[in-house]
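As structure tokens, the structure follows; a few thoughts come after it.
The values are calculated or read from the model by the stated rules, or taken from the named source; none is laboratory data. Bear in mind the structure is a predicted one, so any value in this text is a computation, not a measurement. Note that we place each Cβ from the backbone using ideal geometry, even for glycine, and neighbour counts take in every protein chain shown.
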Amino acid sequence: MDFAYDAKTEEFRRRLLAFMEEKVEPAEAAFAEQLEALENRWAWTEVPILAELQDEARARGLWNLFLPGEGGAGLTNLQYAPLAEITGRSGQLAPAALNCAAPDSGNMEVLAAFGTEQQKARWLEPLLAGKIRSAFAMTEPDVASSDATNISTRIERAGDSYLINGRKWWITGAMNPHAEIFIVMGKTDPSADRHWQQSQILVPRHTKGVVVKRGMEVFGYDDHHHGGHAELEFNDVRVPVENLIGGEGDGFAIAQARLGPGRIHHCMRSIGVAERAIELMCARASERVAFGKPLAEQGVVREWIAQSRVRLEQLRLLVLKTAWLMDTVGNRGAHAEIQAIKIATPRTVEWILDRAIQVHGAGGLSQDFPLAASFAGIRTLRFADGPDEVHENALARAELARQSLGKNS
């Protein structure tokens, strides 16, 4: 394994760091102000500063960096990792400016890998161009969605159409009126094997029977900067059969294919969140005086800073190893490592943010610093794409099997 950045990565890093310093970071305050001035608080794609940044990102060749294939930058996971980390430093603005924000990135990956030519022309192309937004509707309020086979939404064949009935919640981006397409996961055959009951289907937002019931808050934040999270209802929603992604029963496999890159992208960006938190913690510790000396000279604060650096470097190496494995042996071969980073990343970054907040005192809880909002987002990540306990259980089961095989061989 060689984690030194190759020439292509270094070139992209140079251009992206310049873009962040010259354009994105100076625009953060204006982005927040323009968001608050919107008549529709969730229509973040209407913010003028975002459109300006997206135009600049296209001009600088910093568009769709997450996508390795057609329409993307042709980067491997290992090449993309340090770039995603950089965007994580300005998580509310930078990923969207580069058209690399979830859930659109995952939806584009699904359509690129499994969509028909018709589906790609109708939905993928405008998503790649940043003209529309999307959402991925899987989680449900009435079942434990940590087990994806539990979902109860029905997708039933009715002639040349499918009828969809069910409820979804925590559907990220769905409050944004520009989220014109939902990828909905439901059951087409409840009697099939539990991993072949589900299918995924494309549902245009304005289809009759689609109800956006309400926005949902995370620790009091409505996350309107990326379109919020919604509770949805599908009441006899009828869409043509050609809207099905793949075949009937392929939904679970497609979801797993989507979640692998999605999980590592979250982890990559989270490292950037932690880096910024350490910088803020060091700056605050150097500026503030308590009990006659700067906080930076207090032993406990120095311990927090040192431990933050150690933990973050360990995490970065694990994420890079996972990216390398995904490139060399595929997502299935890197499954254990993907689970490991999904467990380790939010806990590590949450720990660092907690110490940074503590160093900031009451200011760390306020809107004057990004720490509180980042903490809420990182805590949410311990549920997103599967809760900690599911990954721990699966990882332990695989480790037990590996150890048993080694003893019996």
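Assessment of the stretch 25-46 against the conditions (within 26 Å of A179 (Cβ to Cβ), β-branched (V, I, T) and modelled with pLDDT of 95 or more) yields no matching residue. Enumerate the pairs (first residue in the stretch 1-17 and farther than 20 Å from K321 by Cβ; second residue anywhere and charged (D, E, K, R) and outside any helix (DSSP H, G or I)) with beta-carbon separation below 8 Å, excluding pairs fewer than 6 apart on the same chain, so at least 6 apart or on different chains. So the pair list comes out as R15/R60. Is it the case that some residue within the stretch 395-403 is surrounded by 17 or more Cβ atoms within 10 Å (Cβ to Cβ) and either among the small types (G, A, S) or not assigned by TED's automatic domain parsing to the domain that holds F219 (or both)? Yes.
Inspection of the stretch 158-167 finds a residue satisfying the criterion of being of a type in the set (D, E) and surrounded by fewer than 15 Cβ atoms within 10 Å (Cβ to Cβ). Filtering the stretch 287-297 to residues that are surrounded by fewer than 17 Cβ atoms within 10 Å (Cβ to Cβ) and touching a residue at least 12 places away in the same chain (Cβ under 8 Å) leaves only R288. Residue count for the stretch 233-250 under the criterion of being touching a helix residue (DSSP H, G or I) at 6+ places or on another chain (Cβ under 7 Å) and not in a loop (DSSP other than H, G, I, E, B): the result is 2. Looking only at residues of the stretch 212-245 that are of a type in the set (V, I, T) and within 17 Å of I155 (Cβ to Cβ), we find that the one that is surrounded by the fewest Cβ atoms within 10 Å (Cβ to Cβ) is V241. State which residue is nearest to H224 (Cα to Cα) when the search covers only the stretch 33-65 and only residues that are hydrophobic (A, V, I, L, M, F, W, C), outside any loop (DSSP other than H, G, I, E, B) and free of Cβ contacts under 8 Å to residues at least 12 places away in the same chain. The residue in question is A37.
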